[in-house]
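Here the structure comes first, spelled out in structure tokens, and everything after it is commentary.
The values are calculated or read from the model by the stated rules, or taken from the named source; none is laboratory data. Source: prediction; values computed, not measured. Here the Cβ positions follow ideal geometry from the backbone for every residue, glycine too, while neighbour counts run over all protein chains shown.
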Amino acid sequence: MPLLAHPRSRPSAGRQAVLALPAEVRWVPTARHCVAAVLAQWRFPAAGRDSAELVIDELAANAAEHGHRDMTVHLSLHAGDLRISVTDSGAPAGPRPPRDTDPDEHGRGLAIVALLADEVRVNEGPLGRRVDVVLRATTAEE
């Protein structure tokens, strides 16, 4: 069962929400739907919500594929900047061996995220990977 912290909405502190899920592919749609609901509640611009949902799809799918136990999605909104962090409990990535799979099916998630985001950072640690993304709201609510 996913855990979702209550979104904080104090203007001075910004807004925050946290979602913890098992690192399994079947939970990726749950992550996307929860993020969409939180962003709608926060009145984040619709065009930005679409980008955020795609970012969450890609990052949650990566965390589900590479994580061992769980993944955590952290959202924060302050001064128009939506910050998304997805952490998995996977081992650090080593050099990738060449794949025999079709490149159209694998390996483009972070490239897609980079095209949508204003900032992307990947942090590898001994207990997993955290990807931090910033999306800036540039338009008013549609």
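Scanning the stretch 83-102 for residues that are surrounded by fewer than 21 Cβ atoms within 10 Å (Cβ to Cβ) and either modelled with pLDDT of 90 or more or in a strand (DSSP E or B) (or both) turns up at least one hit. Would you say Arg8 is within 13 Å of His74 (Cβ to Cβ), at pLDDT below 95 and out of contact with any helix residue (DSSP H, G or I) (no Cβ under 8 Å at 6 or more places or on another chain)? Yes: the conditions hold for Arg8. For the stretch 105-122, the criterion of a residue being farther than 18 Å from Leu59 by Cα and modelled with pLDDT under 90 is satisfied by no position.
Residues in the stretch 39-66 that are out of contact with any Lys or Arg (no Cβ under 8 Å at 6 or more places or on another chain) and not in a helix (DSSP H, G or I): Arg43, Phe44, Pro45.
Residues in the stretch 45-60 that are buried (at least 18 other Cβ atoms within 10 Å of the Cβ) and touching an Asp or Glu at 6+ places or on another chain (Cβ under 8 Å): Pro45 alone. Considering the stretch 42-77 alone, what residues qualify as being more than 12 Å from Leu135 (Cβ to Cβ), out of contact with any Ser or Thr (no Cβ under 8 Å at 6 or more places or on another chain) and not aliphatic (A, V, I, L, M)? Hits for the stretch 42-77 are Arg43, Asp57, Glu58, Asn62, Glu65, His66.
Is there a residue being exposed (fewer than 11 other Cβ atoms within 10 Å of the Cβ), modelled with pLDDT under 85, under 18 Å from the mean Cα position of the chain (by Cα) and farther than 19 Å from Val18 by Cα anywhere in the stretch 126-141? Within the stretch 126-141, none of the residues are exposed (fewer than 11 other Cβ atoms within 10 Å of the Cβ), modelled with pLDDT under 85, under 18 Å from the mean Cα position of the chain (by Cα) and farther than 19 Å from Val18 by Cα. Looking across His33, His74, one residue alone is under 18 Å from Gly125 (Cβ atoms), modelled with pLDDT of 95 or more and surrounded by fewer than 22 Cβ atoms within 10 Å (Cβ to Cβ). It is His74.
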